[in-house]
Each structure stands twice: as structure tokens, then as C-alpha cells.
Amino acid sequence: MTRSTQLKTKPATDQLGFGRHFTDHMLLMDYSKGQGWHAPRIVPYGPLTLDPSAMVFHYGQEVFEGMKAYRTPQGEVVLFRPDMNLKRLNHSCERLSIPQVDEKALLDAIRQLIVLEKDWIPEGEGNSLYIRPFIIATEPGLGVRAAHDYLLLVILSPVGAYYSEGIHPVRIYVEDQYVRAVRGGTGEAKTSGNYASGIKAQEVAEGLGFSQVLWLDGVEHKYIEEVGSMNVFFKVNGEVITPALNGSILAGITRDSVIHMLKSWGVKVTERRISVEELYTAWQEGKLEEAFGTGTAAVISPIGFMKWEGHEMEINGGETGDYAKKLYDQLTGIQRGELDDPFSWRYVVR
């Protein structure tokens, strides 16, 4: 560990935003073929020096994760299901031909980084310390193959509440031109290319007055997959339906948590293919009762309005549904240590 000699001024809690400020230190670890992962170290946060021919720039070998640290009312620092994030990191590594990491060792290294930077966890409801682990291919060269050298980094960013004025529904545009991912591609991995390819559609949707894009499958362009970069759920006639993981949908940790929580309440949850036509028919019949996205940043994002091929669907009167509100309250309560943790999802940082 090399401590910074020039500590930054921490931002005011009302000026946090998302991913705009970074802590004093970061975690680095190297990989070399024949040596494996080695030299884990915590150093002052700062720029990297990379060869212009580093393979990440040219062939996109990169994976990342996102999770948060919270401060509980009891003063503890906790993470939410970090084992699931690191398991998914290795799943992404496998798809991008990046060497696997030791999940337990990496979690311990992240723990040490957070202990060092715990004063950066912002006070205030909904505020947290965002944790971004990522791996990039650093070997110089333009040959198209898996790199032999990699760099793993973890950076931390104090972030504000996603809903500064309370949870509220968003307007969604069903994308009918661009494709997010296809089965056999990289949709089930958390890699930067998936997000870059979705920016154009997001810009178009925002230009039309919508907050997010609802993605359809890349083959038949009829089955619902994700909303923006979030998993999506629909309550239809009392049953909660979410698209099944099919090789092109990211396995969200919040998605998994929502499914577990709903089932614990006795709610019928079905993971299956659901077409946008089926959804529209359910809306016409008055059976589409609620819709919401799930993800690390927002936790729960209610959907109040959707537009598909000229059809406009207002959902639940444009208001937040009962399940969305209850799930948001329960999940954030567990994450922040304000409610009991019946699933043992909290990881205490000591």
C-alpha cells in the first residue's frame, strides 16, 4: 500500500451526481502469461500509462462490474451481495477470454481499499460509495487474439441518491431499429462494447422525449430483453414476468434479488420469453398492472409509459406500482442496514 500525500477535498453531498468524483486511492493488480495474477497494490488514484497499441484499444478486451458500499445507522460499512458481482466478473472474463480472478482474494483486496477510503462514503439518504472493478488487456500489439497481459483496477466514487426527489416512473421507447445483443454474442457479459452500441438508440429515444429504450431480441425483433442497461419486470394479471436469461441478457444481481424477494412474499414469478405484442394485448385488456426495471444504480425504476410502433401505453395511471415501491423500500432498507437481512445478503466491511 502506498498512501497518497495529497488528499483531495471531498465534495458536498448535494454536488455528488454519479461517477464525477473519485477517492484518493485505487487498487491495481497485474496479469502476465506464465505468472498469473500478481502484484496486488493500493496506490494513489491517478492516470495510467499504456502503450498506444495496447490491445484493449483495438479489440475491446475489457470487462467491468458495479457495486456499492453503504454506511448503516449503526456505523458499519456494508456491501450488497459482492460475491455475486465477482462471480459475474469471472463469467464476463470467460466470455472475453480474460483470465479468471480469485474471487475471495479480490473481495479481500476491495475490502482493504474500502477500509482505507471509508471516510469517502457520503452521509445522507440514498448516497453511497460506488465500486467499479474492471480489467483491461494491456499487451501491446495488433494481432487479433487474446492478450497475454492484463491490468485489473478498482476505483471508488461517492455518488448521490439516484432519485433525489423520490422514486418516480419513467417514459420508455420500444426500440425498433437498433439491436443491443444476440444469443451467442456478448450480451450476457458486462463489457464496454455492449454499452457503446446502445448509446445511439438512447440518444434517439431521448430526442423523442423518452428516458430509456426497451430492447427487443436481435433475431425476431419481438421478444423483450432489457430496458436501457437494466433487467425488466412486468406484472400481468397478478403474475410477475421477467425475460428468461437466454445468452443475450445480463444476469443482474438486483434481478436475482427481486425474484427471491417476490417469491418469499408468495408472488408468482415466471422467467420466460414475453413478446411486446403479448404485452400490448395485456395492456389493451387491462391486465398489464405494473412494469419496472432493476439495476445497481437505481435499484428499482418504475415504468409509467411505453410507446411501441405508434401504440402508447400508460401503465398504472403513470404512477409507481405497489410492487415497485415495496421492492425499492425493502431492498434499499436491507442494503443500508435499516431492515433485517433474512437472505444474508449484507457483507460487513471490517
| task | Give V63, V56 a once-over and let me know the one that is surrounded by 14 or more Cβ atoms within 10 Å (Cβ to Cβ), under 23 Å from G143 (Cα atoms), of a type in the set (A, V, I, L, M) and under 18 Å from the mean Cα position of the chain (by Cα). | result | V63
| request: Name every residue in region 74-91 that is outside any helix (DSSP H, G or I) and not hydrophobic (A, V, I, L, M, F, W, C), in order of residue number. | output: Q74, G75, E76, R81
| said: Being out of contact with any Asp or Glu (no Cβ under 7 Å at 6 or more places or on another chain), part of a strand (DSSP E or B) and not aliphatic (A, V, I, L, M) is true for just one of Y31, Y70. Which residue is that? | reply: Y70
| remark: Selection over region 121-145 where residues are touching a Phe, Trp or Tyr at 6+ places or on another chain (Cβ under 9 Å), of a type outside the set (S, T, N, Q) and crowded, with 16+ Cβ neighbours inside 10 Å yields a count of 11
| request: Identify, by number, the condition in (1) touching a residue at least 40 places away in the same chain (Cβ under 8 Å); (2) within 30 Å of R71 (Cα to Cα); (3) in a helix (DSSP H, G or I) that G333 doesn't meet. | output: (1)
| remark: Within region 22-38, the count of residues that are within 21 Å of R111 (Cα to Cα), open to solvent by less than 50 Å² (accessible area, probe 1.4 Å) and of a type outside the set (S, T, Y) comes to 8
| Neighbours by Cβ (under 7 Å, 6+ apart or cross-chain): first from region 1-27, under 18 Å from L48 (Cβ atoms) and in contact (Cβ under 8 Å) with a residue 24 or more places away in the chain; second of a type in the set (S, T, N, Q) and open to solvent by less than 100 Å² (accessible area, probe 1.4 Å) | G19/S157; F22/S157; D24/S4; H25/S4
| Among residues of region 239-254, those that are without any contact (Cβ under 8 Å) to a residue 40 or more places away in the chain and either under 16 Å from W345 (Cβ atoms) or not hydroxyl-bearing (S, T, Y) (or both), counted | 4
| Does region 87-94 contain any residue that is open to solvent by 50 Å² or more (accessible area, probe 1.4 Å) and over 20 Å from the mean Cα position of the chain (by Cα)? | no
| Is it the case that some residue within region 247-265 is farther than 18 Å from M84 by Cβ, in contact with a helix residue (DSSP H, G or I) (Cβ under 9 Å, 6 or more places away or on another chain), open to solvent by less than 40 Å² (accessible area, probe 1.4 Å) and among the β-branched types (V, I, T)? | no
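The values are calculated or read from the model by the stated rules, or taken from the named source; none is laboratory data. Everything numeric here is computed off the predicted structure, so don't read it as measured data. Note that each Cβ is placed from the backbone with ideal geometry, even for glycine, and that neighbours are counted across all protein chains shown. Note: areas computed on protein heavy atoms with side chains; ligands, DNA, RNA excluded. Shrake-Rupley method; radii C 1.70, N 1.55, O 1.52, S 1.80 Å.
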